[in-house]
1. Just one of (1) surrounded by fewer than 22 Cβ atoms within 10 Å (Cβ to Cβ); (2) of a type in the set (S, T, N, Q); (3) more than 27 Å from A:Gln173 (Cβ to Cβ) trips up B:Ser4, so point out which.
2. Is the stretch B:99-113 home to any residue that is in contact (Cβ under 8 Å) with a residue 60 or more places away in the chain, at the interface with another protein chain (Cβ under 7 Å from one of its Cβ atoms) and not aromatic (Phe, Trp, Tyr)?
3. Restricting attention to the stretch A:47-64, report how many residues are touching a residue at least 60 places away in the same chain (Cβ under 8 Å) and either farther than 30 Å from B:Gly129 by Cα or touching a Phe, Trp or Tyr at 6+ places or on another chain (Cβ under 8 Å) (or both).
4. Sort out which residues of the stretch B:76-111 are among the β-branched types (Val, Ile, Thr) and assigned to a loop (DSSP other than H, G, I, E, B), and write them in order of number.
5. For the stretch A:58-97, how many residues meet the condition of being of a type outside the set (S, T, N, Q), more than 9 Å from every other protein chain (Cβ to nearest Cβ) and under 19 Å from A:Arg145 (Cα atoms)?
6. Exactly one condition in (1) of a type outside the set (Ser, Thr, Tyr); (2) under 30 Å from A:Arg42 (Cβ atoms); (3) part of a strand (DSSP E or B) is not met by B:Ile117; state its number.
7. Condition first: free of Cβ contacts under 8 Å to residues at least 60 places away in the same chain and touching a helix residue (DSSP H, G or I) at 6+ places or on another chain (Cβ under 8 Å). Now tell me which residues in the stretch A:70-94 satisfy that.
8. Can you name the residue in the stretch B:95-105 that is in contact with a helix residue (DSSP H, G or I) (Cβ under 8 Å, 6 or more places away or on another chain) and surrounded by 20 or more Cβ atoms within 10 Å (Cβ to Cβ) and is also nearest to A:Ser189 (Cα to Cα) among such residues?
2 protein chains.
Amino acid sequence: MKKSLGANTLIFPTPVWCVGSYDKDGKPNVMTIAWGGICCSRPPCLTISLRKATYTYGNIMERGAYTVSVPSIEFADEADYFGIVSGRSQDKFQRSGLTPVRSDLVDAPYVEEFPMILECKLLHHFEIGLHTQFIGEIMDVKVDRDLLLDDGNPDILKVSPLVYATKAQAYHQVGDLVGKAFQIGKRFS
Amino acid sequence: MKKSLGANTLIFPTPVWCVGSYDKDGKPNVMTIAWGGICCSRPPCLTISLRKATYTYGNIMERGAYTVSVPSIEFADEADYFGIVSGRSQDKFQRSGLTPVRSDLVDAPYVEEFPMILECKLLHHFEIGLHTQFIGEIMDVKVDRDLLLDDGNPDILKVSPLVYATKAQAYHQVGDLVGKAFQIGKRFS
């Protein structure tokens with residue numbers, strides 16, 4: 001038996017991503033979001049949704065660029081902090097002790113200590129309602145070398161990204177392998 | 001040291017969601033996607049991205065609605081199958097043995113056996129490139145009663161959704177709690 005929980009934004013899983021941007025004075029900022037996802041394979045694009053009230057919103061509109069730094073579980077506290085306060089009131093890089101690195105490809109900073117980085121050039125923005133959706137073309141993905149498998153792809157268990165459980169407001173880690181895609185379902189076809 | 005992996009759609013985590021739709025003859029179909037996310041809190045909206053070539057694309061354009069059924073790990077094989085073949089060539093509900101249920105709220109079916117269901121009314125669609133982005137307003141979220149916590153919210157470990165590791169093409173389960181959001185980061189503020 002299913003229970004109706006009403007019209008709300010409850011779905012699993014959602015990501016924990018830290019969006020890097022520069023303000024008009026060139027000060028780096030970073031904020032944590034759970035509303036986003038890949039939205040196109042060619043060109044490779046990542047969408048993130050932000051409220052207009054956020055500091056990052058204005059930064060992205062002005063600079064036309066953002067990064068997404070994926071925190072590993074050991075940086076869960078820092079990632080949470082990046083979602084609690086506004087860059088208008090605190091220098092979040094300074095307070096967390098993490099390091100902003102200027103992207104060579106887009107006009108935005110990323111978090112050096114985080115294991116996986118995406119550098120995005122703003123292509124579109126769409127007003128949906130409370131949130132505006134930004135569509136960014138992914139110019140490059142950078143991953144810590146020691147987290148790569150022999151085939152050159154990153155090991156999700158070594159990157160150890162966070163999963164966000166909406167409503168419960170809880171961060172979880174990624175767990176065991178369940179199966180290989182495009183294989184385990186073949187028996188039905 | 002970070003290694004550049006080029007311009008591609010590699011990020012962690014991405015979801016495993018099964019999109020339900022009716023074709024023009026009223027036949028239910030379901031396909032699995034990893035490109036999507038919540039994109040607005042008010043109205044509550046979920047975005048999914050599809051290639052024009054998919055059967056589901058035409059269905060959603062015609063019916064103006066879709067559902068997202070979140071598979072639990074015990075249905076990983078079925079979810080994988082839903083992403084392998086097209087509804088043009090196979091009746092995926094029939095072959096998997098799973099049950100299509102007609103939504104009372106939108107013109108689309110969902111998967112009865114899956115623990116979490118979202119029913120969405122199409123609001124917008126945006127052409128990004130290879131993929132088209134659909135923006136759907138979430139009309140209701142339904143969750144199996146026995147997976148709810150005492151506070152009425154679903155337990156992510158009981159829902160046991162899948163996480164997709166791009167490139168490695170692997171499904172993982174959600175693991176242990178790391179910490180509570182809006183709490184563990186307070187020490188920096």
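1. (3)
2. Within the stretch B:99-113, none of the residues are in contact (Cβ under 8 Å) with a residue 60 or more places away in the chain, at the interface with another protein chain (Cβ under 7 Å from one of its Cβ atoms) and not aromatic (Phe, Trp, Tyr).
3. Of all residues in the stretch A:47-64, those touching a residue at least 60 places away in the same chain (Cβ under 8 Å) come to A:47-52, A:57, A:60-61.
Those left that are additionally either farther than 30 Å from B:Gly129 by Cα or touching a Phe, Trp or Tyr at 6+ places or on another chain (Cβ under 8 Å) (or both): A:47-51, A:60.
Number satisfying all stated conditions: 6.
4. Going residue by residue through the stretch B:76-111, those that are among the β-branched types (Val, Ile, Thr) are B:84-85, B:99, B:101, B:106, B:111.
Across the stretch B:76-111, the qualifying residues are B:Val85, B:Thr99, B:Val106.
5. Here is the first cut: in the stretch A:58-97, the residues of a type outside the set (S, T, N, Q) are A:58, A:60-66, A:68, A:70-71, A:73-85, A:87-88, A:91-93, A:95, A:97.
Next cut, more than 9 Å from every other protein chain (Cβ to nearest Cβ) only: A:58, A:60-66, A:71, A:74-75, A:87-88, A:91, A:93.
Narrowing further to those that are under 19 Å from A:Arg145 (Cα atoms): A:71, A:74-75.
Total satisfying the criteria: 3.
6. Every condition holds for B:Ile117 apart from (2).
7. Going residue by residue through the stretch A:70-94, those that are free of Cβ contacts under 8 Å to residues at least 60 places away in the same chain are A:75, A:77-78, A:81, A:83-86, A:88-90, A:94.
Those that are free of Cβ contacts under 8 Å to residues at least 60 places away in the same chain and touching a helix residue (DSSP H, G or I) at 6+ places or on another chain (Cβ under 8 Å): A:Asp77, A:Glu78, A:Tyr81, A:Ile84, A:Val85, A:Ser86, A:Arg88.
8. Result: B:Ser96.
Bear in mind that the values in this text are calculations on the coordinates, not laboratory data. On a predicted model such as this, the values are computed, not experimentally measured, just so you know. Neighbour counts run over all protein chains shown; Cβ positions are idealised from the backbone, glycine included.
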